[in-house]
Amino acid sequence: MNQLIPKKIRKVLKNRLLLLYNIFDKKYITSKEFVEPVKQYRSFFAKINFPSGLHYLMKQKLLPYDNKKKSLEKDFIINVFENVYIDMESGTLITDDRKIISQSLKYQTFPTITMNSKLDDFLEITDENVSVITSHFKARYYHIWFDAIVKLFHLSRADSKITIAISEEAPAVYHQILKCFEDIFQIRIIKDYRFIKVRNAHVVHHKNWAKHAPVITPEISEFFKKKILFGKGNFNYKRIYIKRKNGGRDILNEDEVEAEFVKYGFELISFEDYSIFEQAQIISNAEVIAGLHGAGFTNLIFSHPGQTVIEMQNHAVVPTFFFISYQLGLKYIPIFSLTTTPDFLKQSYKGRKDFYKEKLKPVKYDVNEVENILKMNL
């Protein structure tokens, strides 16, 4: 049945049914209200310049680029909301009269929270200034970093010390990283409560240059490297190939592709086998980082200028790690798949749903092209 009804229509129907159900049960908070922050301040301003003739940007469809010089700017503003409830799982802000502060929502979905059984039971935080770091509990490594953890950089630039609240149930990587920042923030682990009430909630939304292309400047990279890179470690892999262990995307001729990289001295690495601190050291020590587009490249935040990044692009050309490489002064080399059909995905930056289907499809690469690229660039 799901196959016969488009996803967008199914979502609308689900929302309408929940609203109807809510009339009788009052289980969910569904009312939204725009609330002006009591205070706003800038944490950071970023700018990026692209020259004309960038072949890679001509291939991708998430950022409009007409082969001419292009300049992008982002201004990061932190909003402060007074006397609000915060959902520890989603970061949703709620007013005293049980309305969702729409300005603070990243995802406009239903149901947002369970009201009767959850919101009546909350923990009041007496600290003056609080921020919740979360990108939803089930988020993957990339989103944990670039929807959530990266906000620490902006909050560190606040004009007063911020208390970071994190649920005890949040994935371990949150807790491991936050321990490194106890000298900058007050860290509060929230146990047995889904909701907290705070005096001043500081809300920062980390922006992207384009969809899936986060703002990661040298300043942001250095901020995290200083705290998470404890030393060089015992990882002396000069050339690494990031191998996906848990699937999600497949290379149809994976054995052939990996054999080429091994022939050129690459160590096959599955980051799932290493701690966040070990991953940071592996990336920092490497001279060349290669692999199929995926969350492993999130660790480029620990890279240093001059490193080479070879990304096996998947069906839809996703500019995430091109943008990070460009900002951090890395040499970026894409390898496009034989199955890539960029002309099919026109103006995906306008929200074309086909883009997301395409980017998860299995891919195949020309092994001779892989060898030529390795031979020319190593």
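Read the figures in this text as sums done on the coordinates, not as results from a lab. Everything quoted here is computed from the prediction, not taken from an experiment. When we count neighbours, we look across all protein chains shown, and the Cβ atoms used for this are built from the backbone with ideal geometry, even at glycine.
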Sorted peptide list for 42-55, 123-136, criterion being average Cβ within 10 angstrom, highest first: 123-136, 42-55
Residue-by-residue Karplus 3J(HN,Hα) for region 138-147, coefficients 6.51, -1.76, 1.60, Hz, glycine and proline x: 8, 5, 8, 3, 4, 6, 4, 6, 8, 9
Relative contact order, percent, the chain [alpha-carbon distance under 8 Å, six or more residues apart]: 16
Backbone HN-Hα couplings from phi across region 16-31 [Karplus 6.51/-1.76/1.60, Hz, Gly and Pro as x]: 5, 5, 5, 5, 5, 4, 5, 4, 8, 9, 6, 7, 10, 7, 10, 6
Interchain or long-range residues, amide H under 5 Å from Val363's placed H: Asp250, Ile251, Leu252
DSSP-defined beta bridges in the chain - what % are antiparallel, rounded to 5: 45
For Lys70, residues with placed amide H under 5 Å, excluding near neighbours: Phe50
Using alpha-carbon coordinates, inclination of helix 367-377 to the longest axis of the chain, degrees: 90
Residues of type aspartates and glutamates that Lys74 reaches as a straight line, Cα spacing below 14 Å, ignoring anything fewer than 8 places off in the same chain: none
Relative packing of 147-160, 217-230, 64-77, 288-301, which averages over residues the other C-beta atoms within 10 Å, highest first: 288-301, 147-160, 217-230, 64-77
Pairs from Lys263/Lys364; Lys69/Lys227; Lys39/Lys179; Lys27/Lys161; Lys59/Lys227; Lys138/Lys361 whose Cα-Cα separation, in the structure shown, is over 26 Å: Lys69/Lys227; Lys39/Lys179; Lys27/Lys161; Lys59/Lys227
Answer label, with mean projected area of the Cα convex hull in nm² calculated from the coordinates and candidates [x] 20.3; [y] 18.4; [z] 21.5: [x]
Mean residue ellipticity (222 nm) of the chain, computed from DSSP H runs ≥ 4 via -39,500 (n - 2.57), nearest 500: -7000 deg cm²/dmol
